[in-house]
1. Name the residues in segment A:246-281 that are facing chain B (nearest Cβ under 9 Å) and either outside any helix (DSSP H, G or I) or touching a strand residue (DSSP E or B) at 6+ places or on another chain (Cβ under 6 Å) (or both), would you?
2. Given the criteria modelled with pLDDT under 80 and part of a helix (DSSP H, G or I), does residue B:219 qualify?
3. Considering only helices (runs of 4 or more DSSP H) fully contained in segment B:222-299, which possess at least 3 residues that are farther than 30 Å from residue A:210 by Cα, modelled with pLDDT of 90 or more and assigned by TED's automatic domain parsing to the domain that holds residue B:141?
4. Suppose the filter is under 30 Å from residue A:248 (Cα atoms) and at the interface with chain A (Cβ under 10 Å from one of its Cβ atoms); does residue B:233 pass it?
5. Sort through B:197, B:215 and tell me the only one that's surrounded by fewer than 22 Cβ atoms within 10 Å (Cβ to Cβ) and in the same structural domain as residue B:250 (by TED's automatic domain parsing).
6. Among the residues of segment A:151-162, how many are in a helix (DSSP H, G or I) and crowded, with 18+ Cβ neighbours inside 10 Å?
7. Could you say whether any residue in segment B:23-30 is touching a helix residue (DSSP H, G or I) at 6+ places or on another chain (Cβ under 8 Å) and modelled with pLDDT of 80 or more?
8. Looking at this structure, is residue A:110 under 29 Å from residue B:292 (Cα atoms), outside the structural domain of residue A:280 (by TED's automatic domain parsing) and at pLDDT 90 or above?
């Protein structure tokens, strides 16, 4: 009796069955709460919905997207913001990572402090920067000796929002790159030095190529995050066209100017744009990242 | 060093070369100082501004000019900021408590158990981390309204209305981080547990889970930070009811109450939420760095 029971316990759940059971809750949840709404949005985007009135209009909402200057303005804003902030973050993050990598004292402290901008909610960072740029009391203007209306002027407000984002996320990029730098063996540099390679040459021929995986991951996360940015733009200038990104523009038709069919068309288009860019990155590094996990299994 | 510098002029070249490391070190320290200043100066501005009161606070850019007092903090609490703090804590904690156990199971299955199409599932998980929240805002809002019509349950202006999408949005990254950590645990540990008579589930619970604790901690912290940070969904689903409004919404929409320049109060609220989060980051920094960089630097 005791023996049969023991055998049954040891059988327990088969590994294959267990694998499926373990995956089920996560994927069921994501399917219902994330994937289904995407299809729901596509369905709703085929209707003209105003209050209680709704009417099937086919692809009209998408035709409207294509002739909506507000939408193209949002695409342009998103593009400018993404290209400018990601490239600045990358350059500054790289400089910070190299500084921290070289440091002999204080690296631990700096690596802790560098997390602080990352952990602060974006909405809080946005308010701090918004008020630093604000004309009253005019902190940024007094530091720069300028008299710019940072929150009203379309060009300067974009500069402001990019500075705020670069401040918040360059340290995050530095952290990712620093982790990558620490995996490069010191001997490589010593050998190159013996061969007479200068600092710049060592950077181009050793650091950059070996850092490539970390760079691609950092760029992936930052680019996708920048493309879907909402907090900074909304808090700096509300729904005003000067900063409206794709996320701000799509959200605007939900509550401020309710037009739910159109809102869903904009959501869908934004979803497609972000996913295409993300997939372009992932197809380049996915095998590397995924293989890492899948490969160890053997 | 001193002996070098007093040498006769014939040895000019040598002292300069000997100086080099010192100059280099000074530059390195200066570099670190720049990084520290970059990360911290807005907090100095925030803290000083939160303490200033009176008309000078909104007309004079010099943050060291008083008068200073705690009136902004009092006003922020009068407006119910403590409720926003409570709401954020509840929403972030519940999100983490739901997300992490569920993601641990999936992460373990992906790292260790025999599954058909594992590569595809992992790739899909990675792609899911890119999901733009704005694609969820509009349809979920309508689904919530629809649900209310059918069942009378209102998810707008409720904790659940935020927690449900937060779990969905944090699951992919949590699964990915956990799978990376589980894959890093030597398989032998588990095998020997099985040899000793443990079932696969017991092996997971008794042997693998404790070893994966650092990874679980890292994933939990990142999930918690995501949920305290999230603005778009919270702002769309629970914009102004103080019973459920979270900190980012409270702080982020502060200027829109038709109030005279509320700079001091906004900064007071910012300080109150920043202090605990900064302590959180400093105490848990090792776990955070491990979580953020997992998968990013392998190979």
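1. Result: A:253, A:254, A:255, A:260.
2. Spelling it out, it is not the case that residue B:219 is modelled with pLDDT under 80 and part of a helix (DSSP H, G or I).
3. Once the helices (runs of 4 or more DSSP H) in segment B:222-299 are filtered for at least 3 residues that are farther than 30 Å from residue A:210 by Cα, modelled with pLDDT of 90 or more and assigned by TED's automatic domain parsing to the domain that holds residue B:141, what remains is B:232-237, B:247-252, B:263-283.
4. Considered against the rule, which asks whether it is under 30 Å from residue A:248 (Cα atoms) and at the interface with chain A (Cβ under 10 Å from one of its Cβ atoms), residue B:233 comes out as yes.
5. None of the others qualify; the one that does is B:197.
6. Count: 5.
7. yes
8. Against the criterion (under 29 Å from residue B:292 (Cα atoms), outside the structural domain of residue A:280 (by TED's automatic domain parsing) and at pLDDT 90 or above), residue A:110 does not qualify.
The values are calculated or read from the model by the stated rules, or taken from the named source; none is laboratory data. Keep in mind that what you see is a predicted model, and the values were worked out from it rather than measured. Glycine also receives a Cβ, built like all others from the backbone with ideal geometry; neighbour counts cover every protein chain displayed.
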